[in-house]
Amino acid sequence: MIERLSLQQTIDMFVYVANHMEAVAARLNEADQAIGDGDHGEAMARGWRSAREALDSGEFNSIGDVVSAVGMRMMAAMGGASGAIFGTWFKAGGKSLAEDETFSSEALIILLDHGLEAVQARGHANPGDKTMVDALQPAATAAALAGTRPISEVLPVVAASAQQGADSTRKLVARMGRARTLGERSLGHPDPGALSTHLILQHMADYVGTL
Ligand code: ADP
Ligand code: MG
């Protein structure tokens with residue numbers, strides 16, 4: 001059981017996420033081919049590669065510094081709708097964690113809650129619009145419900161909720177982003193950004209599982 005992560009473990013966790021997100025790029029591109037322009041995996045890989053460079057070379061004084069660096073790199077390197085959306089998630093979370101020296105379940109709640117709020121303020125997507133919000137929102141709710149249990153117990157629950165949320169987007173007609181123009185033809189396909197939201201959280205959980 002791991003109660004919380006140290007600053008170095010938090011850096012290592014995001015490096016682990018970066019490596020694994022690069023490895024799933026083809027799968028995410030395929031999902032985006034079905035209802036978008038086929039570049040989501042490529043964009044994610046580019047964003048996380050740049051984030052990993054920052055994580056490898058940076059000096060960090062807080063959890064917030066680490067999370068903010070990820071957000072800034074994603075926003076700059078990914079570009080497009082998803083760069084703004086995923087960059088906003090991590091930048092907003094990082095800002096709220098500027099005083100934290102460990103990654104606890106409380107920190108995870110803040111990362112998801114403040115991230116979700118900022119993503120919705122920026123992109124105006126609501127649950128049910130078939131976007132990454134449909135994975136991030138249930139993840140935030142699950143984290144809040146799991147409360148202050150150890151991070152090694154909370155992260156797998158949060159990842160499972162994000163996966164359910166991502167799966168649920170198959171039944172939705174897209175009302176946001178590129179897929180919106182497909183209307184009913186977006187049915188039956190999961191939202192690529194919701195898939196990557198699940199995978200990011202899944203890889204965070206998997207990293208903690210390696211400790
Ligand atoms: P682009 O649409 O510019 O090609 P990507 O393919 O990288 O960008 O990412 C598409 C994903 O971005 C979608 O699957 C969706 O989850 C997310 N997205 C797009 N617009 C929004 C929005 N307004 N709010 C939340 N997420 C969004
Ligand atoms: Mg795309």
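Scanning region 22-53 for residues that are open to solvent by 10 Å² or more (accessible area, probe 1.4 Å) and either away from ligand 2 (no atom under 13 Å from the Cβ) or at positive phi (or both) returns GLU22, ALA23, VAL24, ALA26, ARG27, GLY38, ARG49, SER50, ARG52, GLU53. Among the candidates GLY128, GLY165, GLY123, the residue that is open to solvent by less than 10 Å² (accessible area, probe 1.4 Å), within 22 Å of LEU28 (Cα to Cα) and modelled with pLDDT of 95 or more is uniquely GLY165.
Does region 176-196 include one or more residues that are assigned to a helix (DSSP H, G or I), more than 9 Å from ligand 1 (Cβ to nearest atom), under 27 Å from GLN33 (Cβ atoms) and at pLDDT 95 or above? No, region 176-196 contains no residue that is assigned to a helix (DSSP H, G or I), more than 9 Å from ligand 1 (Cβ to nearest atom), under 27 Å from GLN33 (Cβ atoms) and at pLDDT 95 or above. If you go through region 142-156 and pick out every residue that is buried (at least 17 other Cβ atoms within 10 Å of the Cβ) and either hydroxyl-bearing (Ser, Thr, Tyr) or without any contact (Cβ under 8 Å) to a residue 40 or more places away in the chain (or both), you end up with 3. Just so you know, in region 171-199 the residues that are β-branched (Val, Ile, Thr) and touching a residue at least 24 places away in the same chain (Cβ under 8 Å) include one that is nearest to ligand 2 (Cβ to nearest atom), and it is THR197. For the condition assigned to a helix (DSSP H, G or I), open to solvent by less than 20 Å² (accessible area, probe 1.4 Å) and not small (Gly, Ala, Ser), HIS114 does not qualify.
Out of the residues in region 24-57 that are more than 15 Å from ALA194 (Cα to Cα) and modelled with pLDDT under 95, which is nearest to ligand 1 (Cβ to nearest atom)? Give the steps one after another, and end with the answer.
Here is the first cut: in region 24-57, the residues more than 15 Å from ALA194 (Cα to Cα) are 26, 37, 42, 45-57.
Filter once more, so that each one left must be modelled with pLDDT under 95: 37, 57.
Working: ASP37: 5, SER57: 25 Å.
The extreme case among them is ASP37.
Would you pick out the residues in region 74-83 that are out of contact with any Gly (no Cβ under 7 Å at 6 or more places or on another chain) and either modelled with pLDDT of 95 or more or away from ligand 2 (no atom under 16 Å from the Cβ) (or both)? Full working, then the answer.
Initial filter on region 74-83 (out of contact with any Gly (no Cβ under 7 Å at 6 or more places or on another chain)): 76, 79-80.
Matches in region 74-83: ALA76 only.
Say whether the condition of being of a type in the set (Lys, Arg) and under 17 Å from the mean Cα position of the chain (by Cα) is met by at least one residue in region 182-199. Among the residues of region 182-199, not one is of a type in the set (Lys, Arg) and under 17 Å from the mean Cα position of the chain (by Cα), which makes the answer no.
Within region 1-17, residues that are β-branched (Val, Ile, Thr) reach partners that are outside any helix (DSSP H, G or I) with beta carbons closer than 8 Å, at six or more positions or on different chains, in the pairs ILE2/PRO150; ILE2/LEU211; THR10/THR102; THR10/PHE103; ILE11/PHE60.
Yes/no per residue for (1) under 29 Å from HIS189 (Cβ atoms); (2) free of Cβ contacts under 8 Å to residues at least 40 places away in the same chain; (3) within 16 Å of ligand 2 (Cβ to nearest atom):
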| residue | (1), (2), (3) |
| --- | --- |
| MET72 | no, yes, no |
| GLY93 | yes, yes, no |
| PHE103 | no, no, no |
| GLU106 | no, no, no |
| ARG122 | yes, yes, no |
| THR131 | yes, no, yes |
| ALA135 | yes, no, no |
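Of all residues in region 118-152, those satisfying the criterion of being assigned to a loop (DSSP other than H, G, I, E, B) and not polar (S, T, N, Q) are HIS124, ALA125, PRO127, GLY128, ASP129, LYS130, MET132, GLY147, ARG149, PRO150.
The values are calculated or read from the model by the stated rules, or taken from the named source; none is laboratory data. Fair warning: this is a prediction, and the values are worked out from it, not measured in the lab. Here the Cβ is made from the backbone with ideal geometry for all residues, glycine too, and neighbour counts use every protein chain on show. What goes into the accessible areas is simple: the full protein's heavy atoms, side chains included, and nothing from ligands, DNA or RNA. Shrake-Rupley method; radii C 1.70, N 1.55, O 1.52, S 1.80 Å.
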